[in-house]
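Working notes, structure below.
What follows draws every value from the coordinates through simple rules; no lab data is involved. Remember, it's a predicted structure, so these values are computed and weren't measured experimentally. With ideal geometry, Cβ positions are generated from the backbone for all residues, glycine too; neighbour counts draw on all protein chains shown.
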Amino acid sequence: MWDMVWPMMVIIVSNVTYNVCAKLANAEINAFASLMLTYGVALLCAAGMFFATSPQRDLLAQLKQANWASYLLGVAIVGLEFGFISAYRAGWLVSNTQLFASVGVACVLVVVGAALFHDVVSATQVVGMAVCAVGMYLMVR
């Protein structure tokens with residue numbers, strides 16, 4: 001059970017920290033300069049965690065195993081970060097920005113999961129997506 005719980009705890013704590021920091025980031029700095037600093041720190045953290053957890057510690061061998069998805073993930077992460085920073089600078093509230101984004105992503109992923117990964121979509125999920133759409137409308141009106 002703990003194997004399922006701890007990753008979700010990491011996600012929740014990291015996501016809360018992420019949103020608070022994105023909201024509090026200095027609006028005077030160019031968003032991409034801020035992201036370069038952010039990713040410099042992330043690179044150092046990831047490198048430290050790699051060497052702390054990898055039995056072989058052969059970074060180049062590991063990097064050679066990466067496919068196109070790792071590169072596209074990097075582009076997607078920059079888009080996410082820039083989107084959240086921009087949303088907060090545009091006046092979105094920290095109390096509902098992540099909720100709105102997560103609900104939207106979840107609804108799109110139901111369709112993507114069905115189309116690309118043959119996930120089964122139940123009637124309950126379709127009703128849930130409709131309820132989410134209404135909730136999203138209520139949040140922004």
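Some points to look at:
- Projecting the alpha carbon convex hull of the stretch 95-141 along each direction and taking the average yields 3.3 nm².
- Rounded to whole numbers, the Karplus 3J(HN,Hα) couplings from phi for the stretch 131-136 are 4, 4, 4, 5, x, 5 Hz, using 6.51 cos²θ - 1.76 cosθ + 1.60 with θ = phi - 60°, and x at Gly and Pro.
- Listed residues Ala31, Ala130, Ala52, most fluctuating in the chain (Gaussian network, C-alpha, under 10 Å): Ala52
- Karplus-derived 3J(HN,Hα) values for the stretch 12-22, using 6.51 cos²θ - 1.76 cosθ + 1.60 with θ = phi - 60°, are 5, 4, 5, 5, 5, 4, 4, 5, 5, 5, 5 Hz; glycine and proline are entered as x.
- Calculated FRET value between Arg57 and Met9, using beta carbons and R₀ = 30 Å, to 0.05: 0.65
- With only Cα atoms counted, the chain has Rg and Dmax values of 18.3, 54 Å.
- 3J(HN,Hα) from dihedral phi, the stretch 76-93, Karplus parametrisation 6.51/-1.76/1.60, rounded to Hz, x for glycine, proline: 5, 5, 4, x, 4, 4, 4, x, 5, 4, 5, 4, 5, 5, 7, x, 4, 7
- Debye, to nearest 20: dipole size of the chain, +1 on Lys, Arg Cβ, -1 on Asp, Glu Cβ: 180 debye
- Loop trypsin sites (Lys or Arg not before Pro), the stretch 1-87, which have at most 13 other Cβ atoms in a 10 Å radius of their Cβ (DSSP): Arg57
- Under a 5 Å amide H cut-off, with hydrogens placed 1.01 Å from N, Ala25 pairs with nothing among residues at least 5 apart or on other chains.
- Tensor-based shape of the stretch 47-113 (alpha-carbon gyration tensor, a/c under 1.5 rounded, otherwise prolate or oblate): prolate
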